[in-house]
Structures are given as structure tokens and as C-alpha cells.
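This report concerns only the one structure given below.
The values are calculated or read from the model by the stated rules, or taken from the named source; none is laboratory data. In this text, all values refer to a predicted model and were calculated from it rather than measured experimentally. Because the Cβ atoms are built from the backbone with ideal geometry, glycine has one as well, and the counts that use them run over all protein chains shown.
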Amino acid sequence: MQYNKPTNETILAALSGQFRTFHQTLNKRNVACQHTTPVKTDLPEVGLSFEALDKLISAEVVPNLSASNGGRYWGFVTGGANPVATYADWLVTTFNQNVSKGGDSIASDIELQTLSWLCELFSLPRSFNGIFTTGATAANVLAAFTARQYAGLQQNIDITKSGMAGLDVNIFSATPHASMIKSLGFAGFGQNSWQKIPCNPDTEAMDIHALEAKLVACTARSKIVIASAATVTGTDFDDIAAIATLCEKYHAWLHVDAAFGIFERLVNPVNGKTHGIERADSITLDCHKWLNVPYDCGVFLTQHMDLLAQCCEVSAPYLANPENSLSYMSLGIENSRRFRAFPVWATLLAYGKQGITHNIKANMRQASVLAQWLEQSDKYELLKPCELNVVLFKPNTAVLGLTSAECLAKLNASGQVFLTPGAWQGQAIIRAALSNWATSDEDVQQVISTLNQL
Ligand SMILES: Cc1ncc(COP(=O)(O)O)c(C=O)c1O
């Protein structure tokens, strides 16, 4: 058998070559690579040399990547990887620590420190702690597990140990993210288990009076409320302070999905749109969104670490933990875990609160420039004032002769921008979500010119 063992020097040279080429061409490549096929290579009997592998990657993979790391990929809520976090992420792979438990490395201490810095960044009380996850979806899964454990304990059922039988619970939400609904399925509540609370007119934000009416009428022994900060389409924020007051009054668990909306807190600290989030039982946030660290990196925060630990406890003699040492494998889904806190730690140190806030403000300003242009254009219709980083619009069909879907396809086919669809007040629309540090004012003008040329 042949073993392929390139030297560290060879690897570093190849990495720096790939990095340089990718970044030099990032702004020139089509933002979305729309027609891809698998690499035409059979599984080799005898492995390729490293040089051949590197060439194959350059020839077959690199040309078929998107520019999601660049400034004009505005689909979903996609954050770019900032340079410092990129460097730190390479180190994560180089160090290859398994952050499952403390006792053998500084990695778990850094995760703990990073969580505490994130709480400080977002002005959350010290009673919050948590764990890094693969993303907001996994954080929402932990939220569903923890809320389930809370509901069970209210009814003297340890759900983690005994299962859901007999659990009597109602779940309320206005506009939960699709991943939250998926999480309710994972947790055994069922994806259809939640009751929809009506929204305030022309928004996706919860009507508080309707929530109170539901809570008053609710006869279930436990109640869970899932709030949004912000919704992925309308970027609407539920009135979290008012919801927290109702949850306290009716002994309901409050989870807030703040995957990207929590970053608004940097611009308008505690009295902004997230006011009251500090009273939530748990919070989801995503660092691979607006903190611009590489995928994959989310965070679950809770003021009830004891419940999280009950949900995730894992024990086996070979996993025994030195006393007083952290055990992340007993606080999350995975036993073995990547050192994904490290790029966040490095980002917080390198940019500081001011640098991170600067990037958030830049994206918000750029989104509002785009929104203003759309508003005055006769080719498009701006569907909602832009208050954060997402712009909702559709083509003026009378002028362009295109439906939203056709317009979106044309814009994406231009290679100049990548946008994703959505639905707003029952109509098909186009979303532009700006959450990348790399987006420049020139990028915005380039997209405006593409929009104008349609
Ligand atoms: C509000 C909200 N929650 C959850 C998610 C899911 O995030 P992830 O893709 O990181 O799992 C998103 C993604 O856009 C989101 O906007």
C-alpha cells in the first residue's frame, strides 16, 4: 500500500496558493455557480499524489464554487468569514482539539471564556451560559430539549429519562423560523404542535394581546412561548419585554430565536428592538451569520444550565470527567466537538466591540441604500421599509414583464449577485440579506446597476 504523506511545507505552499487564488478571483467569479456536476473521477485504487489532488481541486472544484464568501452573495442570511476568523479556523484544524471535556487542554476554557464574552458583547446578564453548536438550527434543537425538560419537571416527569408520555404542554409562536419547527419535531413535540399567534398588522411580529388571550385560555399544565428577534423575512422583532412579562405571569418558558437579530443590540443596546431578551429562558444566536466567522458556528444560551445538563447528560466509565472540570459532551448534542469557539474568540479579540458594531452598521446602511434605490425605481417595488439588513422587493411586472421568480432567476443568472426568494403578505418576493463584512459600497452600486439593467 502506498501512503501519501506531503510535507508540512508542501501543504502550506498549496494552501497559500489556493487561498491567494481564491481571494484574488472572489469578486470576479459568478456569485452563484448554478449548474454543477460531480467531479468526474472514480474512487482510486491507489491514491493520487498530493500535487495531483491539489491540481484536481484547482481544476474541478474551485471553478464551481459560489462566491458566498464575497460581498454580493445576499441569499438566506449569509455571513462571510472575516480574515482573522479564517486564520483562527485554520488553526482549529491544525490544533484538532476535541472539546468534549476539560482536563486536557485550554480549549474548553476558551469556549467558556468566549461564551462569557458573547454575553458581555450582547449585554446579557451573567446568569446566561451555554454551548457552541453547529448553527442556529442545532441551538434551536437544544432550546426545544430544554423547554421540554422544564415542562416535564413542572409535571414531575423527567422527560430525558422517562420519555414524553403524559406530558401536557401547549406551544405558542407567531412566526417561528423553519428550523424551530424542525426542532419541535426532533424534540418529540411534533412539527405541527405549536399554536400560531396572530401578528400585528403588516408585520411578522406577535400580537401580544392575542398571546395573552391564548395563555389565559390555555388549560395545559405547561406552556412554552417561542419568540423571534428577528424574523428571517420581515426582520420583525417580537415585543420580547412584553412577552417575558406574560411568560412570568403564566409560568411559561420563553425561548428567543435571535440568530441574527441579536446583533441589533450592538447598535441599539438594551433599549432597542431586543429589549427584554435578557429575561428569556433561552436564546439562539449564530456566529456564522453576522459575526462573520466560518461555518459552522452557532450558540445556545440559557439561564438554566441545570436543565440543559439534564437533557444532555452522558455517562460511561471511559468518559469519566475529572471533578470540577467542564464537560461539554454533557451539555450538547455531540460527544466529540470541534474547537469552534476559537474563531469567535479570535474575532472578539481582534475586532473588539467597536469593530464588530462597525460591520453591523455598515451592512445596515448598505441595505438602506439599496432599499432607497428600489423605492424610487419604477422597475421595482420595495415591499417594506428596511429597518435592519434585509430588503424585500419584487419587480414591477407592468414595466419589466417579469414575475418575482423570473426576475430572481435573471438576477442570479447575471452572476453579479445572489438573492433568494421569500413570501411577504401572501406574495412571492425577492430577499436581499446583507450580512457580510466584505460587502463594500461599490458592491451595492454594482448590484443596483444590475437591477437597473434588467
Ligand atoms: C432566525 C433564524 N433562526 C434559525 C436559522 C437557522 O440557522 P442555521 O442555518 O445556522 O442553522 C436562521 C437562518 O437563517 C434564522 O434566520
Inset, instruction - Kindly provide the set of residues from the range 391-413 that are closer than 21 Å to Thr78 by Cβ and either in contact (Cβ under 8 Å) with a residue 40 or more places away in the chain or among the polar types (S, T, N, Q) (or both), ordered by number. - result: Val391, Leu392, Ser404, Cys407, Lys410, Leu411, Asn412, Ala413
Legend entry - Close pairs (6 angstrom Cβ cut-off, 6 or more residues apart or separate chains): within 14 Å of Thr37 (Cα to Cα) and part of a helix (DSSP H, G or I) in the range 47-66, of a type outside the set (Gly, Ala, Ser) and at pLDDT below 95 anywhere: Glu60/Val39; Asn64/Cys33; Asn64/Thr36
Inset, instruction - Tell me, please, whether a residue that is away from the ligand (no atom under 16 Å from the Cβ), free of Cβ contacts under 8 Å to residues at least 12 places away in the same chain, β-branched (Val, Ile, Thr) and farther than 22 Å from Phe418 by Cα can be found in the range 90-102. - result: yes
Inset, instruction - Please give the number of the condition Ile106 fails out of (1) surrounded by fewer than 18 Cβ atoms within 10 Å (Cβ to Cβ); (2) within 30 Å of Val216 (Cα to Cα); (3) among the β-branched types (Val, Ile, Thr). - result: (2)
Inset, instruction - Mind listing whichever residues of the range 249-301 are among the basic types (Lys, Arg) and within 14 Å of Ile356 (Cβ to Cβ)? - result: Arg265, Lys289
Inset, instruction - Determine if the range 198-218 includes at least one residue that is modelled with pLDDT of 95 or more, more than 16 Å from the ligand (Cβ to nearest atom), assigned to a strand (DSSP E or B) and touching a Lys or Arg at 6+ places or on another chain (Cβ under 9 Å). - result: no
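Criterion first (over 30 Å from Gly332 (Cβ atoms) and of a type outside the set (Phe, Trp, Tyr)) does Leu53 satisfy it?
Yes.
When you go through Ser162, Ser127 one by one, which is the residue that is in contact (Cβ under 8 Å) with a residue 12 or more places away in the chain and at negative phi? Please lay out each step first, then the result.
Details: Ser162 fails: in contact (Cβ under 8 Å) with a residue 12 or more places away in the chain.
Within the list Ser162, Ser127, the selection yields Ser127.
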Legend entry - Candidate set: the range 219-242, residues that are in contact with a strand residue (DSSP E or B) (Cβ under 6 Å, 6 or more places away or on another chain) and more than 16 Å from the ligand (Cβ to nearest atom); chosen: the one farthest from Gln354 (Cα to Cα): Ala220
Legend entry - Long-range neighbours under 7 Å by Cβ, at least six apart or interchain, first residue modelled with pLDDT under 95 within the range 364-390, second in a helix (DSSP H, G or I): none
Inset, instruction - Specify which of the listed residues (Val62, Val77, Val39) is in contact with a helix residue (DSSP H, G or I) (Cβ under 8 Å, 6 or more places away or on another chain) and surrounded by 13 or more Cβ atoms within 10 Å (Cβ to Cβ). - result: Val62
Legend entry - Subset of the range 263-303 (residues that are within 10 Å of the ligand (Cβ to nearest atom) and either among the aliphatic types (A, V, I, L, M) or without any contact (Cβ under 8 Å) to a residue 24 or more places away in the chain (or both)): Leu285
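Yes/no per residue for (1) at negative phi; (2) not hydrophobic (A, V, I, L, M, F, W, C):
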site: Ala252; (1), (2): yes, no
site: Asp257; (1), (2): yes, yes
site: Leu266; (1), (2): yes, no
site: Gly276; (1), (2): no, yes
site: Leu291; (1), (2): yes, no
Legend entry - Positions within the range 346-399 being of a type in the set (Val, Ile, Thr) and either surrounded by 14 or more Cβ atoms within 10 Å (Cβ to Cβ) or under 19 Å from the mean Cα position of the chain (by Cα) (or both), in sequence order: Thr347, Ile356, Thr357, Ile360, Val369, Val390, Val391
Legend entry - Matching residues in the range 267-315 - criterion: being buried (at least 22 other Cβ atoms within 10 Å of the Cβ), among the aliphatic types (A, V, I, L, M) and in a loop (DSSP other than H, G, I, E, B): Ala280, Leu291, Val293
Inset, instruction - Consider only pairs whose beta carbons are under 8 Å apart and that are at least six residues apart or on different chains; among these, list those whose first residue lies in the range 172-201 and is within 19 Å of Cys218 (Cβ to Cβ) and among the basic types (Lys, Arg) and whose second residue is assigned to a strand (DSSP E or B) and within 13 Å of the ligand (Cβ to nearest atom). - result: Lys196/Ser173
Inset, instruction - Looking only at the range 320-331, decide whether some residue is within 16 Å of the ligand (Cβ to nearest atom) and crowded, with 19+ Cβ neighbours inside 10 Å. - result: no
Legend entry - In the range 151-178, residue nearest to Lys289 (Cα to Cα) [restricted to those that are buried (at least 21 other Cβ atoms within 10 Å of the Cβ) and of a type in the set (Ser, Thr, Tyr)]: Thr175
Inset, instruction - Could you grab the pairs with beta carbons closer than 6 Å, sequence gap of 6+ or different chains, first residue in the range 136-151 and in contact (Cβ under 8 Å) with a residue 12 or more places away in the chain, second one within 16 Å of the ligand (Cβ to nearest atom) and in a helix (DSSP H, G or I)? - result: Thr137/Ser179; Asn140/Ser179; Asn140/Met180; Asn140/Ser183; Val141/Ser183; Val141/Phe186; Ala144/Ser183; Ala144/Leu184
